[in-house]
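FYI, it's all coordinate maths here, none of it is from the lab. None of these values were measured; they are calculated from a predicted model. When we count neighbours, we look across all protein chains shown, and the Cβ atoms used for this are built from the backbone with ideal geometry, even at glycine.
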Amino acid sequence: MPFSLQLTGYVCRKCGWADFHPVNLCPRCSGEVKQSTFAGEGKIVTYTVIRYPPKGFENQAPYVVAIIDIENGPRVIGRVSNSVDEVKIGSSVTLLSTREDALEFRLSALPNPDTVP
Amino acid sequence: MREAAVIGVGMTSITAGSRRSLTDLFVEAAKQALDDAGVHRVDSVYVGNMMSGFLQNQEHLGALMATALGQEGVPTYKVEGACASGGVAVNAAVKALFSGLEEIVLVGAVEKMSGYATPEVTTGLMMAEDRLNVAPTGVTFVGLNAMIAREYMHRYRVTHESIAQFPVLCHRNALDNPKAQFRKKIDLQDVLQSPLVADPLRLLDCSGIGDGAAAVVLAPKNIAKKFTDCPVEVAASTIASDTISLYQRPNITTFEASKQAAGRAYKIAGVKPKDIDVLEVHDAFSILGVMALEDLGFAEKGSGTQLLDEGECNRDGRLPTNTFGGLKARGHPVGASGLYQIAELAMQLKNEADKCQVPGAEVGLAQSVGGIGSTVAIHILRGIN
């Protein structure tokens, strides 16, 4: 099993709502939340390419931002480091880093056909 | 309960690049509305605006505008609900009137967006999302709407070409509106070949950057005829909210706040979608225009573009939509757009819309969306004969 970063998040004790970012109370039912960890693996729900970035991101454009459903975990928003031609709705992604308050993912490596028996 | 009516309307042309101040713009629109109502003194002033603090380093617009209008001493309020600030300001003013504490109320909204670098304005608009967990990804507001568009097209098998009919409709309608920012006919190929801004959305899918102000004067319905021969009743004014962030929703191809606010508004006004003669929706991006047709009850989910295919949203169709050009072509000075919609609907229902007129329009609905559907204001207006 290759090493993959875990995602720390929060789950509502009452209704099970999960979020990757600290929430004071559950946005759905105002229930109390507890910290939890999730696998750093998920699937792309939708994505875009930012070509006209906000202040501070000018040197990075174009870049891919996606909404991702984490396996058995919350829906999140984050960057995908691959080029836009490679990204598709439904692509599997792996968490790469959580630097500077933004989650960054890359497309999950496909099995190398030369090594698969 | 007291009922509210619009007794005066005013608005500036929407432009980019002028050196006019927030105050100049607001006073022009407000003075028009006051003159239209024949009123000199009001009981309170409500000012809708989103970004004056960030872009102009100016807050306290309530007192600023009341002073500029010679209304010194009245209660004043700045009302902010991102791009729905105008709609939310009208809702606040209507509630003030309901309270009985205020009788003649001026509500206006203003936004000045031109004259700043695009990344600056882009950053300002992102303040409508969550600063802490979404902005650090570098996503923009166009980007969030682009993600909605991509999922919508994928889920419902709708082509970009079908959605592009919305900006084409708005540009056609704006040709007849002398105050519109973009009075230029475009076709589907213009939209589909314009530069990508945030894939799949292109430049002509997106509203532009503009400056403008609009205003209305409200009074209790039972005395409205003292001021004008054709007052317009505010038959419903509702607001609903949703999560601040798009990613926090299980389904991003519908705005729950639109459905909720509209459902309540229909009930309060005692009308159904089929009774709406003229519709103004928040088409900041082409996809939002299509989604609005569905969320407001005019089409099944995923089939909003069929209304466009069939010409139903044209001014001579069954559901005339964005009759002055909408956000796309009339212009979208963000915090002011919700008030342009109300002012335009009132003109329609007073039969004063000139070349934009929908003959015989009696009931109109306006949808003003703040952020990524996080605040939605719905107004239903009805002509009083």
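Side notes on the structure shown:
- Computed 3J(HN,Hα) for region B:278-288, one whole-Hz value per residue from the Karplus formula 6.51 cos²θ - 1.76 cosθ + 1.60 where θ = phi - 60°, is 8, 10, 10, 10, 8, 8, 4, 9, 3, 4, 5, glycine and proline marked x.
- Kirkwood-Stokes translational diffusion coefficient of chain B, alpha-carbon pairs, 20 °C, 1.002 mPa s, µm²/s: 106
- When chain B is treated as a Gaussian network with alpha carbon springs shorter than 10 Å, the biggest mean-square fluctuation among B:TYR266, B:TYR340, B:TYR156 belongs to B:TYR156.
- Overall, chain B carries a charge dipole of about 140 debye about its Cα centre when +1 sits on the Cβ of Lys and Arg and -1 on the Cβ of Asp and Glu, all other atoms neutral.
- Mean separation of Cα contacts under 8 Å, 6 or more apart, over the residue count of region A:40-109: relative contact order %: 32
- Whole-Hz couplings from phi, Karplus 6.51/-1.76/1.60, listed for region B:294-304; x for Gly and Pro: 7, 5, 8, x, 9, 8, 5, 4, x, 10, x
- Of the trypsin sites (Lys or Arg not before Pro) found in region B:295-326, those in coil by DSSP whose Cβ has at most 14 other Cβ atoms within 10 Å are B:LYS301, B:ARG318.
- Bridge orientation summary for chain B: considering DSSP beta bridges with both residues in this region, about 75 percent are antiparallel.
- Among B:THR321, A:THR48, A:THR37, the order by Cβ neighbours within 10 angstrom, fewest to most, reads A:THR37, B:THR321, A:THR48.
- Amide H within-cut-off set for A:VAL93, under 5 Å, with H built and near neighbours excluded: A:GLY42, A:LYS43, A:ILE44, A:SER108
- Structure remark: mean-square fluctuation, Gaussian network model of chain A, C-alpha springs under 10 Å; the largest value among A:GLY73, A:GLY90, A:GLY42 belongs to A:GLY90.
- Contact order, relative form, for chain B: 26 percent (alpha carbon pairs under 8 Å, 6 or more residues apart, mean separation divided by residue count).
- The slack in the chain from B:ASP187 to B:VAL39, taken as 0.36 nm per residue of separation less the alpha-carbon distance, amounts to 48.9 nm.
- Remark: region B:309-324, residue by residue, has Karplus-estimated 3J(HN,Hα) of 3, 8, x, 5, 8, 5, 4, 9, x, 6, 9, x, 10, 6, 5, 9 Hz, where x stands for each Gly or Pro and the curve is 6.51 cos²θ - 1.76 cosθ + 1.60 at θ = phi - 60°.
- Region B:141-203: trypsin sites (Lys or Arg not before Pro) in DSSP coil with no more than 14 other Cβ atoms inside 10 Å: B:ARG157, B:LYS184, B:LYS185
- Residue order, fewest to most surrounding Cβ atoms within 10 angstrom, among B:VAL278, B:VAL27: B:VAL27, B:VAL278
- Selection among B:ALA117, B:ASN173, B:ALA84 by position relative to the dipole of the protein assembly as shown gives B:ALA84 as farthest towards the positive end (Cβ unit charges, Cα centre).
- Filter on B:LYS31/B:LYS267; A:LYS88/B:LYS301; B:LYS112/B:LYS184; B:LYS185/B:LYS225 - keep pairs with C-alpha separation over 32 Å: B:LYS31/B:LYS267; B:LYS185/B:LYS225
- Gap separating the Cα centres of region B:25-39 and region B:279-313, nearest whole Å: 33
- Extension gain, B:GLN58-B:PHE98: 0.36 nm per intervening residue step, less the Cα-Cα distance, totals 11.4 nm.
- Candidate aspartates and glutamates for bridging to A:LYS34, where Cα separation is under 20 Å - those fewer than 8 sequence places away on the same chain excluded: A:ASP19, A:ASP69, A:GLU71, A:ASP101
- Under a 5 Å amide H cut-off, with hydrogens placed 1.01 Å from N, B:GLU103 pairs with B:ASP43 among residues at least 5 apart or on other chains.
- Amide H within-cut-off set for A:ARG75, under 5 Å, with H built and near neighbours excluded: A:ILE70
- For B:ILE244, B:ILE104, B:ILE14, order by how many other beta-carbon atoms lie within 10 Å, fewest first: B:ILE244, B:ILE104, B:ILE14
- Charge dipole (debye, nearest 20) of the protein assembly as shown; +1 at Cβ of Lys and Arg, -1 at Cβ of Asp and Glu: 420
- A simple charge model with +1 on the Cβ of Lys and Arg, -1 on the Cβ of Asp and Glu and nothing else charged puts the dipole of region A:40-109 at about 140 debye relative to its Cα centre.
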